[in-house]
1. For the stretch 65-119, give me the residue count where each residue is among the aromatic types (Phe, Trp, Tyr), assigned to a loop (DSSP other than H, G, I, E, B) and surrounded by 10 or more Cβ atoms within 10 Å (Cβ to Cβ).
2. Has the stretch 42-56 got any residue that is surrounded by 10 or more Cβ atoms within 10 Å (Cβ to Cβ), modelled with pLDDT of 80 or more and assigned to a helix (DSSP H, G or I)?
Amino acid sequence: MAEKKMSLSRRNHLKSLLLQIGQSMLEEEAQDTEREKMKYIDERCPRLFIPAGCTQDLQELCRKLHKQIDLVDEERYDTAIKVTKSNKEIDDLKVMVQDLKGKFKKPALKRVRMSADAMLAALLGSKHKVSLDLRANLKQVKKEVKEEEKQTGDWRKTIEDKSGMDGRKKMFETEA
């Protein structure tokens, strides 16, 4: 089925209608919350009647207000304790879930000596048999003996040659 494409002007018109409807719904919701807030305040905080003149009536009103404040403070404290207790339970449950998922500390691995062939066999499986001789791929180099090593020879002979006056003359002649 081929889907019919909507024209650009129709799409913009529908989009603007949706935005208007959403805006009106948000305004209604804000008004409802404001009404609920005022209703709650009227229930919890009745209008204050202040008697004019008599100090005894004012003292009675103050005592009544202090009792109400104490009750509200106790409720606030109780709810704060309940919240902290439930937060601690939530944290404990999170830790238990993590433990059940299997995120444990990985143990330190032991070093295992393996040859290159054994490692390839372990990685590739027994199907692929690859022989890897690392020394076979190295370049062959012949070791040449340096001329200085040939000339020095045995150390005893060189000491005997340098001993005496003739040896000292040779030393000075070669150095100079």
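The values are calculated or read from the model by the stated rules, or taken from the named source; none is laboratory data. Worth saying up front: this structure is predicted, and the values here are computed from it rather than measured. Note that each Cβ is placed from the backbone with ideal geometry, even for glycine, and that neighbours are counted across all protein chains shown.
1. Residues meeting the conditions: 0.
2. The answer is yes, given that some residue of the stretch 42-56 is surrounded by 10 or more Cβ atoms within 10 Å (Cβ to Cβ), modelled with pLDDT of 80 or more and assigned to a helix (DSSP H, G or I).
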